[in-house]
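In what follows, a structure is listed as structure tokens, so that the remarks can point back to it.
The values are calculated or read from the model by the stated rules, or taken from the named source; none is laboratory data. Note that the coordinates shown come from a computational prediction; the quantities given were computed from them, not determined experimentally. Methodologically, a virtual Cβ is constructed for each residue, glycine included, from the backbone with ideal geometry; neighbour enumeration extends over all protein chains shown. Each accessible area value is taken on the protein alone, full model and side chains, heavy atoms only, with ligands, DNA and RNA left out. Shrake-Rupley method; radii C 1.70, N 1.55, O 1.52, S 1.80 Å.
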Amino acid sequence: MWLFDIIQDGTLVDNQSYMVNQGILTNRHFSESVTLSTKSKGQWTSPRNDESAIWHFLNSVSRDVEKRLNDNVANALILFNDEDYEHNTDGGFIAVTGTDARNFTINTGNLIGFVKRGDYSLKISSRFGDAFLQYIIADADGFLELENIGGESHADGYDWLLAYLWNIKFKRAYRLGLPKTYITKNDRISRVRGTIDAVDYFRNMTSGKYLCSYREHCYDSPATSLFIKAYEAVEHYPFCQRTRNIYNAFLTANQGEKRSRQEILRTPYFTNPFYNEYNVLIDLSKQVISQQGSDFDSQHESSAFFFDISMLFEYFIRKLIKRDGVRLLSKFEQRFEIPAGARGSYMRKLEPDLVFESNGNLYVFDVKYKAFDPQFGVKREDLFQLHTYIGQYGNGTSINGCGFVYPISEDRWSTLKLDKSQGLISDVIRQQGREIPFHILFIKIPDNELPRFSSFMKEHCLMFMDTLQSKILIKGKTAA
């Protein structure tokens, strides 16, 4: 297998470490090996298999994407409709170290997606598969790709994710009904309406009609044309056929009005706050229609689409807990700031992913999308961070439980024999003179190939919440 084929077909997945040694690619986490193809009679069969060019491509993508992320840290990867959410991934898309294309290491993190530059493309997929992505996007309400990076329009990329999200938002916004705007009309009518043109009245007294200027509701607007154009760009996806009736409603409202591409891409937001969800759709529609890659530098034509799956997974877990009736505090409701030793007034913020109350007890958890290490457990820096959270929150109230939430595949679930414990590993940590229950809570992710993935995923979510309620919150109540 050519290295080019590996990097562009989704072989690489998130949160892994891949090592290429003398042309043998190995996934360090799973000890999988693939022998890379070599030259034939000193010649390459295709320009795409030029190892030195691929090596340059990997290094430039690693460098340029990380720079773009750092440059856009304030606006990167925004999640809709929840003030609790912000981007939290450190590092870039990939990290590459080594000497050449046959001897290097590539580490992937929480960003997944697709990058194309010239003859080469790189795809990082979710280690849990596309069915998992569809499920949590639909459940958790979605994400936005990195601002100013653009949407990849090739079938081997992740353009379907943008279309999938757009379709969800299209259906969600339509619950508000067709968006209405006020327009000003000037018309000669038989009854006075709005403001009458007095001069025209005296000039045409015998006509029995009045030239009036008035405002009225209108369903047609640049936004209507924008949504129609966006739907037509994604309608070839099977999942978009379910919203065909909504598209038809907008066609009727449009009344055949033709607008230029430039005009619809300048569509402004609705000023009526009732239509805020349509403003979200306006942003997505412009991205769907544009289909323009963004140059990472001035020398290469490139395009990319990626997002922070750890953000999406955290948001998904928050939604599960909220829906089950547990009072989940806003990430900013009790945010603490601690001195950082910097000059001036700069303070470090402490923002645990999950702080929730049950029966007057407080619980502090962090959500980790990264792979759990069964040999060494939670990463050292994550444990230190949790201890800091507990110490600060424990100054004002009693902490009755703490820990981490991880996703885990069915295979790893079986290996760890988590059935007996319902996906829970429990222990005790000691801080501030008292013992605090410490838990690692897993949510099992079904095999991506299962035909009933959604139903199995729903069952696993119910089991996750049952474990949280019966083994953590009830015990916390007893301990209190």
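So, with +1 on the Cβ of K and R and -1 on the Cβ of D and E, and no other charges, what is the size of the charge dipole of segment 359-480 about its Cα centre, to the nearest 20 debye?
Working: 15 positive and 13 negative charges, 65 e Å.
Here the size comes out at about 320 debye.
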Of L468, G401, F456, which is farthest on the positive side of the dipole of segment 393-478, counting Cα position, with +1 on Lys and Arg Cβ, -1 on Asp and Glu Cβ, and the Cα centre as origin?
G401
Applying a 10 Å radius around every beta-carbon, put 443-454, 414-425 in order of their mean neighbour count, most first.
443-454, 414-425
Just to check I understand the Karplus step: with θ = phi - 60° and J = 6.51 cos²θ - 1.76 cosθ + 1.60, what whole-Hz values come out for segment 409-416, glycine and proline as x?
6, 4, 5, 5, 4, 5, 4, 7
Given a Förster distance of 25 Å, the FRET efficiency implied by the Cβ-Cβ spacing of R434 and E381, rounded to the nearest 0.05, works out to 0.55
Subtract the Cα-Cα distance of H236 and K258 from 0.36 nm times their separation in residues, and report this length gain in nm to one decimal.
5.7 nm
Roughly how far apart, in whole Å, are the Cα centres of segment 271-292 and segment 189-239?
23 Å
Over segment 320-376, the quotient of the Cα radius of gyration and 2.2 N^0.38 Å is 1.50
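Counting only heavy atoms of protein chains, what accessible area per residue, in Å², does segment 221-273 have with a probe of 1.4 Å? It would help to have the intermediate numbers written out before the result.
Values: 3090 Å² over 53 residues.
Averaged over the residues of segment 221-273, the accessible area is 58 Å².
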Mean separation of Cα pairs under 8 Å and 6+ residues apart, divided by the residue count of segment 211-285: what relative contact order is that in percent?
43 percent
At q = 0.16, 0.20, 0.26 Å⁻¹, work out log10 I(q)/I(0) for segment 189-235 with the Debye formula, treating every Cα as an identical point scatterer and leaving solvent out; two decimals please.
-0.58, -0.68, -0.89
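How large is the accessible surface per residue of segment 317-417, computed with a 1.4 Å probe and reported in Å² as a whole number?
Values: 5150 Å² over 101 residues.
Averaged over the residues of segment 317-417, the accessible area is 51 Å².
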Viscosity 0.890 mPa s, 25 °C: Kirkwood-radius Stokes-Einstein D of segment 150-240 over Cα pairs, µm²/s
145 µm²/s
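Which pairs break 32 Å Cα to Cα here: K171/K258; K171/K417; K67/K349; K180/K368; K229/K370; K123/K319?
Values: K171/K258 24 Å; K171/K417 41 Å; K67/K349 24 Å; K180/K368 43 Å; K229/K370 38 Å; K123/K319 29 Å.
In this structure, K171/K417; K180/K368; K229/K370 lie more than 32 Å apart at Cα.
What is the packing order of peptides 120-128, 343-351, 368-376, taking the mean over residues of other C-beta atoms within 10 Å and listing the highest first? Let's see the in-between values first.
Numbers: 120-128: 23.2, 343-351: 10.7, 368-376: 14.3.
The densest-packed peptide leads the list: 120-128, 368-376, 343-351.
Highest mean first, how do 97-103, 184-190, 275-281 rank when packing is the count of other Cβ atoms within 10 Å averaged over residues?
Values: 97-103: 14.1, 184-190: 11.7, 275-281: 19.4.
Answer by packing, highest mean first, reads 275-281, 97-103, 184-190.
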